[in-house]
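Below: one structure, written as structure tokens.
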Amino acid sequence: MSAIGSLIFCNDCGNLLDESSGDPTKIVVCSVCGTRNKDILPKTIVSESKPSAFPSALRAKRSAVQTLTAEDKRTEALTQHTCAKCGRKEMYFTTVQLRSADEGSTVFLRCVCGYKETQNN
């Protein structure tokens, strides 16, 4: 009988045997081939490894700390549109597809004075 981890197998046919009691004086009979195997205590092997043992480009990217400023988070672009509140000739805008795909997108305009406007294209 051979043991791999907590599983024990028949020496002749390789069938998985019933649970071991750990008493070497007992005999475990294989239900497939009938071979009589000595009962042995299964061995449990535990291995540990450090994350640095298996370098990964993905792990390196994920672990890198990134600091974003408010300017980095801004996704708005500048357009030539007159603000209705202060008369400024440029406003920031962003577009979002809020309606179905066969309809136009919604444009959100924002002025530095705080005025906001939306347009459906």
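The values are calculated or read from the model by the stated rules, or taken from the named source; none is laboratory data. Keep in mind it's a predicted model, so treat the numbers as computed, not measured. For neighbour counting, all protein chains shown are included, and Cβ atoms are generated from backbone atoms with ideal geometry for every residue, glycine included. Side chains included, ligands, DNA and RNA excluded: accessible areas come from the protein's heavy atoms. Shrake-Rupley method; radii C 1.70, N 1.55, O 1.52, S 1.80 Å.
Counting only residues at least eight positions apart within a chain, or on another chain, the lysines with an alpha carbon under 30 Å from that of Lys85 are Lys73, Lys116. Taking Cα centre as origin and charging only the Cβ of basic (Lys, Arg, +1) and acidic (Asp, Glu, -1) residues, the dipole magnitude of the chain rounds to 640 debye. Calculated on the alpha-carbon coordinates, the convex hull of the chain measures out at 270 cubic angstrom per residue.
When trypsin sites (Lys or Arg not before Pro) are flagged only if DSSP places them in a loop and at most 12 other Cβ atoms lie within 10 Å, the longest unflagged stretch of the chain comes out as 44-73. In straight-distance terms, cross-link reach from Lys50 covers every one of the lysines whose alpha-carbon lies under 18 Å from its own, apart from those fewer than eight places away in the same chain; here that gives Lys61. Per residue, the accessible area of the chain comes to 79 Å² when a 1.4 Å probe rolls over the protein heavy atoms.
Here's the list of lysines a cross-link from Lys26 could span, going by alpha-carbon distance under 25 Å and ignoring same-chain residues fewer than 8 apart: Lys38, Lys43.
The distance between label points at Thr95 and Asn11 comes to 7.7 nm (points 7 Å beyond Cα on the Cα→Cβ vector). The accessible surface of the chain, taken with every protein chain in place and a 1.4 Å probe, is 53 percent carbon and sulfur. Length available on full extension from Thr75 to Ser47: 0.36 nm per residue minus the Cα-Cα distance, which gives 5.3 nm. Note on segment 74-120: with charges restricted to the Cβ of Lys and Arg (+1) and Asp and Glu (-1), its dipole about the Cα centre is near 280 debye. With helices as the sole contributors, the chain gives -2000 deg cm²/dmol at 222 nm; each DSSP H run of n ≥ 4 counts as -39500 (n - 2.57), and the sum is divided by every residue.
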